[in-house]
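Peer 1: Before anything else, here's the structure in question.
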Amino acid sequence: VQETYELWLTKMTIKEIATERKLTAQTISGHIAKLIASKTLNILEVLPEDKVIALARAFIGYDEESLNGLKEKHGDKFTWDELKMFKASMN
């Protein structure tokens, strides 16, 4: 996670970090979510403000542990990674 963070600081994208580290983009997104949860990164450093606002609206009143219900409700509006990152920012 620390190595991902150091590469993120060099302005590399998630996909570029994944290629550099020979990991999947999903794994790197998981690292980013952990960095958001630990307050090392702010969600607004990762996702655009309009997406964060839309995610905030989607999460209003949602208190389930699983993100399946939100994904089902919103379909392709949000990726799994976006949902996980936003949830991490709520801690």
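Peer 1: Of all residues in region 20-30, which are more than 16 Å from the chain's Cα centre (by Cα) and surrounded by 14 or more Cβ atoms within 10 Å (Cβ to Cβ)? If you could, list the steps in order and put the result at the bottom.
Peer 2: First pass over region 20-30, keeping only residues more than 16 Å from the chain's Cα centre (by Cα): 20-23.
Result: Glu20, Arg21, Leu23.
Peer 1: Considering only region 31-49, state which residues are more than 10 Å from the chain's Cα centre (by Cα) and open to solvent by less than 20 Å² (accessible area, probe 1.4 Å).
Peer 2: Correct list: Leu41 only.
Peer 1: Here's a follow-up. Only one of these conditions is not met by Glu65: (1) surrounded by fewer than 18 Cβ atoms within 10 Å (Cβ to Cβ); (2) at pLDDT 95 or above. Which number is it?
Peer 2: (2)
Peer 1: Sticking with this one: Just give me the residues in region 70-85 being surrounded by 11 or more Cβ atoms within 10 Å (Cβ to Cβ) and at positive phi, in sequence order. Outline the logic, then answer.
Peer 2: So the first thing to find is which residues in region 70-85 are surrounded by 11 or more Cβ atoms within 10 Å (Cβ to Cβ), and the list is 70-71, 73-74, 77-85.
Within region 70-85, no residue meets the criteria.
The values are calculated or read from the model by the stated rules, or taken from the named source; none is laboratory data. Computed from a predicted structure; not experimentally measured. We place every Cβ from the backbone using ideal geometry, glycine too, and count neighbours over all the protein chains shown. With ligands, DNA and RNA removed, areas are computed over all heavy atoms of the protein, side chains included. Shrake-Rupley method; radii C 1.70, N 1.55, O 1.52, S 1.80 Å.
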